[in-house]
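Taking it in order: structure first as structure tokens, then the write-up.
The values are calculated or read from the model by the stated rules, or taken from the named source; none is laboratory data. Treat the numbers as computed from the prediction; the structure is a model and nothing was measured. A quick note on method: Cβ atoms are made from the backbone with ideal geometry, for glycine too, and the neighbour counts reach across all protein chains shown.
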Amino acid sequence: EQRNDKIPATLIAGDGIGPEVTKATVAVLDALGAPFEWDERKAGMSAVNDGGDPLPSATLDSIRRTRLALKGPLTTPVGGGFRSVNVRLREEFKLYANLRPAKTIIPGRYDNIDIVLVRENIEGLYVAHEHFIPVGNDPRAVAVSTGVNTRDGCRRIARFAFEYAVSHGRKKITIVHKANVLKALTGIFLEAAREVATEYAGRVEVDDRIVDACAMQLVLNPSQFDMLLCTNLFGDILSDELAGLVGGLGLAPGANIGEHAAIFEAVHGSAPDIAGKGVANPVSLMLAAGLMLEHVGRADLAGRLRQAISVTLLEDQVRTRDLGGTAGTDAFTAALIRRL
Ligand code: NAD
């Protein structure tokens, strides 16, 4: 009877390769029998061309209603005073948790990476209250930026990470910080995370690492890590490092989860250099759709999707150009659907 329980979800195709990888992902979800009932809305450049606003109120209203979205990459218009749509979405829906799992599908430099990074998504240095101080003739002689971490915000993201660990059978969380230098800004994060960790004692192990050492250890010996819990800036950087460890942008999904909605997307951008050529790798967005299935309690379907992606890439050796293959987006998608 589950098949009739449709779950409303907002679909944003996005810009550049967005429409190509979104179409491929929706076809695969259909083949899988996924329960989503799509409400397709615009954002990004396509929305600017329509009505001038890269984040129209119809799109916001749709997400307010569904509280769930699958989003293609958006091109942020340069100049014209536009704020990043992704940042606006994070603020509007308080998407405080950025979830970035990195798992090896195609063995490469490393064979067996399986690390989940949780990044605080709306505080820290990305609050970016910035200004210049003039000295002498130079109006911009000194640049100042302020970061903001709140104890509540730190506790909230820590609790998200520990709850994720418990519900996904994860063993250890490494808190990433720079509390030896940024004693207040990242000290409060370390302190709050350690405090939340005590509630999970005996269930989830905890340790901590200074961010620079962590970046090096990820390259030298990634298998020592299970989950990473990071502030906004450090998480931004380390999550891309993680994507690199498992084969790059074509295989990296992300989720932005908050109090009022959850938005799932590929980590890559709109790839204007290959847009419209039919060669984009749709796997990142498909893996993001897998996270979305888990989020709505359909880990069974997410598992099948992941398995089919892995078999198509490894056994059938059907791969897009970025992974060294020759298949276009449609050919890859057709091969994957055959496996499903
Ligand atoms: P990008 O990720 O779009 O592209 C970087 C390189 O990776 C390009 O050579 C591209 O061809 C390649 N690539 C990316 N995704 C691919 C895929 N699925 N298959 C094959 N190759 C792929 O990064 P960029 O060029 O720095 O950014 C382009 C635009 O995307 C900018 O406007 C940026 O603001 C936007 N962007 C949006 C998001 C988002 O919406 N979440 C994220 C990052 C960048």
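Output the residue which, of all residues in segment 1-28 that are closer than 21 Å to PHE332 by Cα and out of contact with any Leu (no Cβ under 8 Å at 6 or more places or on another chain), is farthest from the ligand (Cβ to nearest atom). Let's see the steps before the verdict.
Kept after step one, since they are closer than 21 Å to PHE332 by Cα, are these residues of segment 1-28: 13-28.
Narrowing the set further to residues that are out of contact with any Leu (no Cβ under 8 Å at 6 or more places or on another chain) leaves 13, 16-17, 19-20, 23, 27.
Numbers: ALA13: 12, GLY16: 6, ILE17: 6, PRO19: 12, GLU20: 9, LYS23: 13, ALA27: 16 Å.
Among residues in segment 1-28 that are closer than 21 Å to PHE332 by Cα and out of contact with any Leu (no Cβ under 8 Å at 6 or more places or on another chain), the one farthest from the ligand (Cβ to nearest atom) is ALA27.
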### Query
For segment 66-84, what are the residues that are at pLDDT 95 or above, more than 8 Å from the ligand (Cβ to nearest atom) and on the phi < 0 side of the Ramachandran plot?
THR66, LEU68, ALA69, LEU70
### Query
How many residues are within 15 Å of the ligand (Cβ to nearest atom) and in contact with a Lys or Arg (Cβ under 6 Å, 6 or more places away or on another chain) when one looks only at segment 227-252?
2
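This table checks each residue for (1) in contact (Cβ under 8 Å) with a residue 60 or more places away in the chain; (2) of a type in the set (Val, Ile, Thr); (3) crowded, with 19+ Cβ neighbours inside 10 Å; (4) within 19 Å of LEU291 (Cβ to Cβ).
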{"site": "PRO19", "(1), (2), (3), (4)": "no, no, no, no"}
{"site": "LYS42", "(1), (2), (3), (4)": "no, no, yes, no"}
{"site": "ALA47", "(1), (2), (3), (4)": "no, no, yes, no"}
{"site": "ASP50", "(1), (2), (3), (4)": "no, no, no, no"}
{"site": "LEU55", "(1), (2), (3), (4)": "no, no, yes, no"}
{"site": "SER62", "(1), (2), (3), (4)": "no, no, yes, no"}
{"site": "ARG67", "(1), (2), (3), (4)": "yes, no, no, yes"}
### Query
Among GLU265, GLU315, which is the only one that is over 21 Å from the mean Cα position of the chain (by Cα) and at pLDDT 95 or above?
GLU315
### Task
Spot the failing condition for ILE133; the list is (1) among the hydrophobic types (A, V, I, L, M, F, W, C); (2) surrounded by fewer than 17 Cβ atoms within 10 Å (Cβ to Cβ); (3) in contact (Cβ under 8 Å) with a residue 12 or more places away in the chain, and only one is missed.
(3)
### Message
Condition (residue is farther than 23 Å from LEU293 by Cβ, within 16 Å of the ligand (Cβ to nearest atom) and not polar (S, T, N, Q)) applied to segment 253-271: is it met by at least one residue?
### Response
yes
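Would you check if VAL87 is touching a Gly at 6+ places or on another chain (Cβ under 7 Å) and closer than 30 Å to VAL48 by Cα? Before you say what the answer is, go through the steps one by one.
Values: touching a Gly at 6+ places or on another chain (Cβ under 7 Å): no; closer than 30 Å to VAL48 by Cα: yes.
No: the conditions fail for VAL87.
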### Message
Looking at (1) surrounded by fewer than 20 Cβ atoms within 10 Å (Cβ to Cβ); (2) within 16 Å of the chain's Cα centre (by Cα), which one does PRO139 not meet, given that it meets all the others?
### Response
(2)
### Query
Out of segment 228-245, which residues are of a type in the set (A, V, I, L, M) and over 23 Å from VAL181 (Cα atoms)?
LEU242, ALA243, LEU245
### Task
Check whether at least one residue in segment 280-293 is closer than 30 Å to GLU191 by Cβ, touching a helix residue (DSSP H, G or I) at 6+ places or on another chain (Cβ under 9 Å) and either modelled with pLDDT under 95 or away from the ligand (no atom under 16 Å from the Cβ) (or both), and report yes or no.
no
### Query
Does SER167 qualify as being closer than 17 Å to LEU117 by Cβ, of a type in the set (Gly, Ala, Ser) and either within 21 Å of the chain's Cα centre (by Cα) or modelled with pLDDT under 95 (or both)?
yes
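Being more than 8 Å from the ligand (Cβ to nearest atom), of a type outside the set (S, T, N, Q), modelled with pLDDT of 95 or more and surrounded by 22 or more Cβ atoms within 10 Å (Cβ to Cβ) is the requirement here; does ALA302 meet it?
Working: more than 8 Å from the ligand (Cβ to nearest atom): yes; of a type outside the set (S, T, N, Q): yes; modelled with pLDDT of 95 or more: yes; surrounded by 22 or more Cβ atoms within 10 Å (Cβ to Cβ): no.
For ALA302, the condition - more than 8 Å from the ligand (Cβ to nearest atom), of a type outside the set (S, T, N, Q), modelled with pLDDT of 95 or more and surrounded by 22 or more Cβ atoms within 10 Å (Cβ to Cβ) - is not met.
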#### Entry: Flag for SER310 being in contact with a His (Cβ under 8 Å, 6 or more places away or on another chain) and part of a helix (DSSP H, G or I)
no
